Amino acid sequence: MPKLTVKFYGTLQKSLDQHDAEKGVTITVPKGTTVAGLIRILNLDARQIGMVTFNGRTVASDQTLDTGGELKVFQPISGG
């Protein structure tokens with residue numbers, strides 16, 4: 001099962017009690033888990049999610065997380 005480091009940014013940092021602002025949180029997920037699946041596993045509302053990167057590349061919600069690495073999750077950004 002893949003082990004991921006997940007880092008949340010903005011107000012999403014308050015989503016998990018065990019999240020460390022500098023190190024994130026390490027999560028092991030079942031093989032075949034997608035970004036959307038991870039969001040459900042973490043009990044987050046998908047509307048709170050803006051951009052997600054995996055190992056430095058922007059990914060879609062259907063991206064499979066079959067290898068370890070770092071996932072960065074950003075809240076939606078708006079303004080002008």
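Coordinate-derived values only; no laboratory data. Note that the structure is predicted; figures quoted are calculated from it, not measured. Note: ideal-geometry Cβ built from the backbone for every residue, glycine included; neighbour counts use all protein chains shown.
Taking the Cα-to-Cβ direction at ASP45 and at MET1 and moving 7 Å from each Cα, how far apart do the two end points lie in nm?
Spacing of the two 7 Å Cα→Cβ label points: 2.8 nm.
Remind me, relative contact order of region 7-65 in percent, using alpha carbon pairs under 8 angstrom and six or more residues apart?
Computed over region 7-65, the figure is 32 percent.
Distance in nm between label sites at THR64 and LYS23, each 7 Å beyond Cα in the beta-carbon direction?
With each label point 7 Å from Cα toward Cβ, the separation is 3.1 nm.
What is the packing order of peptides 11-20, 69-78, taking the mean over residues of other C-beta atoms within 10 Å and listing the highest first?
Ranked by mean Cβ neighbours within 10 Å, highest first: 69-78, 11-20.
Counting pairs on different chains as well as pairs 8 or more places apart, how many Lys pairs in region 3-73 have Cα atoms under 18 Å apart?
8
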